[in-house]
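Below: one structure, written as structure tokens.
The values are calculated or read from the model by the stated rules, or taken from the named source; none is laboratory data. Bear in mind that the values here come from a model prediction, so they are computed numbers and not experimental data. Positions of Cβ are backbone-derived with ideal geometry, glycine not excepted, and every protein chain shown enters the neighbour counts. Ligands, DNA and RNA are stripped out before the accessible areas are found, and what is left, the full protein with its side chains, is counted by its heavy atoms. Shrake-Rupley method; radii C 1.70, N 1.55, O 1.52, S 1.80 Å.
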Amino acid sequence: QVQLVESGGGLVQPGGSLRLSCAASGSIFSIGSMGWYRQAPGKLRELVAHITRAGGTTIADSVKGRFTISRDNGKNLVYLQMNSLKPEDTAVYYCYADRLSGVVQTYWGQGTQVTVSS
């Protein structure tokens, strides 16, 4: 089992920055890739950023150049640095982690609200 707790969401002005954090606990040893999805009301959930166990990253075109994903040295934290935020970035952001234990099991955090508004 893996538990994920997100933090760092909130209200920010357009052009501002936020850093989201996701802390993983439980079967940390077996965690592989981690990342972030976001979902706004009435829209499909969108993959924002993905990072492998080795640190390889994939960033969605919609946020490329503005968002960065990273992991800590212990691989039990994942961050999403969000710069130059736009109102269209407003969404609930969900952290996920893939646990590798014979088969891949994906775990999700509860989400953290990001609101970009003046």
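The table that follows gives values for the structure above.
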item: Region 97-117 residues that are within 17 Å of Ala23 (Cα to Cα), paired with ones that are among the β-branched types (Val, Ile, Thr) and surrounded by fewer than 16 Cβ atoms within 10 Å (Cβ to Cβ) (beta carbon under 7 Å, 6 or more apart); result: Asp98/Val104; Asp98/Thr106; Gly109/Val5
item: Every residue from region 20-45 that is within 12 Å of the chain's Cα centre (by Cα) and open to solvent by 60 Å² or more (accessible area, probe 1.4 Å); result: Gln39
item: Of all residues in region 77-118 being part of a loop (DSSP other than H, G, I, E, B) and open to solvent by 50 Å² or more (accessible area, probe 1.4 Å), the one that is farthest from Ala24 (Cα to Cα); result: Ser118
item: Boolean, Gly16 is on the phi < 0 side of the Ramachandran plot, in a loop (DSSP other than H, G, I, E, B) and in contact with a Leu (Cβ under 7 Å, 6 or more places away or on another chain); result: yes
